[in-house]
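The values are calculated or read from the model by the stated rules, or taken from the named source; none is laboratory data. For clarity, every value in this text was computed on a predicted model and none was experimentally measured. Glycine also receives a Cβ, built like all others from the backbone with ideal geometry; neighbour counts cover every protein chain displayed.
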Amino acid sequence: MRIYFNRNNFNYDWWSLTQSYLMNVKPEHTVLEIGASVPERTRQLASKCRRLLGVELFKDRMPAPEGNIEYVNADWQELSKHVPENSIDIAISSHVIEHVTDDLKALNELFKVLKPGGIALINTPNRKRLTRAVIELFTGERKFPYWEHQREYVENDLERLLAASSFRTGNIIPIVFGIHGGPVFCYMEEAPASLRKFANYWEVHLTKKA
């Protein structure tokens, strides 16, 4: 297991999510990106599929369409009003679900638009990541909503959310252990098994069973 120092703002959580994407995407796929406000990332995803649909809540953050990329100004919680049901092969979302008011409704809407056998890849911060857990020893637990986050999750929160959703279950992967962001980067890519609950992020893999 490698330890990295000063990776110049390299986002391992996004890199990991895209590696999972590359393992599943096919050239003929229709891909959905929820939270599509960074054109460079969207182009990266679109280069591997036939068509990419970007969903962005804030109209002023929505890029112009280009190539095989289209955009729609929509709320994840109302996804099936804007995206046909059973039309998406892969959905990907990075650091969005913690912003959504009704996360269960959002997951169920995502389930509707995925094709049978379709895959969703989601990442989100761990509420008890190592640095936050240490800070809260002195300050007490952070109260939510905080900034733009409606909530953050520990693993049991995600397990309960998935169990209540149409997906029923999924694979929850702990990503990054250490300091990852700001002026200091000093971290392992994966949390040791005994320290899983202190990982920085969760990467969630969901499948709509055929």
> Only one residue in R41, R50 is crowded, with 17+ Cβ neighbours inside 10 Å and either in contact with a helix residue (DSSP H, G or I) (Cβ under 7 Å, 6 or more places away or on another chain) or basic (K, R) (or both), so which one is that?
Replying inline: R41
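Yes/no per residue for (1) among the hydroxyl-bearing types (S, T, Y); (2) at pLDDT 95 or above; (3) over 15 Å from T18 (Cβ atoms):
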{"residue": "A36", "(1), (2), (3)": "no, yes, no"}
{"residue": "L52", "(1), (2), (3)": "no, yes, no"}
{"residue": "I69", "(1), (2), (3)": "no, yes, yes"}
{"residue": "S80", "(1), (2), (3)": "yes, yes, yes"}
{"residue": "V83", "(1), (2), (3)": "no, yes, yes"}
{"residue": "D89", "(1), (2), (3)": "no, yes, yes"}
{"residue": "D103", "(1), (2), (3)": "no, yes, yes"}
>> Let me spell it out: the conditions are (1) surrounded by fewer than 22 Cβ atoms within 10 Å (Cβ to Cβ); (2) at pLDDT 95 or above, and S93 meets all of them except one. Which number is the exception?
In response: (1)
> Only one residue in D75, D103 is closer than 30 Å to S194 by Cβ and free of Cβ contacts under 8 Å to residues at least 60 places away in the same chain, so which one is that?
Replying inline: D103
>> Looking at the stretch 70-86 only, could you name the residues that are surrounded by 15 or more Cβ atoms within 10 Å (Cβ to Cβ), touching a strand residue (DSSP E or B) at 6+ places or on another chain (Cβ under 9 Å) and under 18 Å from S166 (Cα atoms)?
In response: W76, L79, V83
> Given V31, V72, V100, which one is hydrophobic (A, V, I, L, M, F, W, C) and within 28 Å of Y146 (Cβ to Cβ)?
Replying inline: V100
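Of all residues in the stretch 28-74, count the ones that are outside any strand (DSSP E or B) and not aromatic (F, W, Y).
Of all residues in the stretch 28-74, those outside any strand (DSSP E or B) come to 28-29, 35-50, 57-65, 67-68, 74.
After this cut, where a residue has to be not aromatic (F, W, Y) as well, the list is 28-29, 35-50, 57, 59-65, 67-68, 74.
Selection size over the stretch 28-74: 29.
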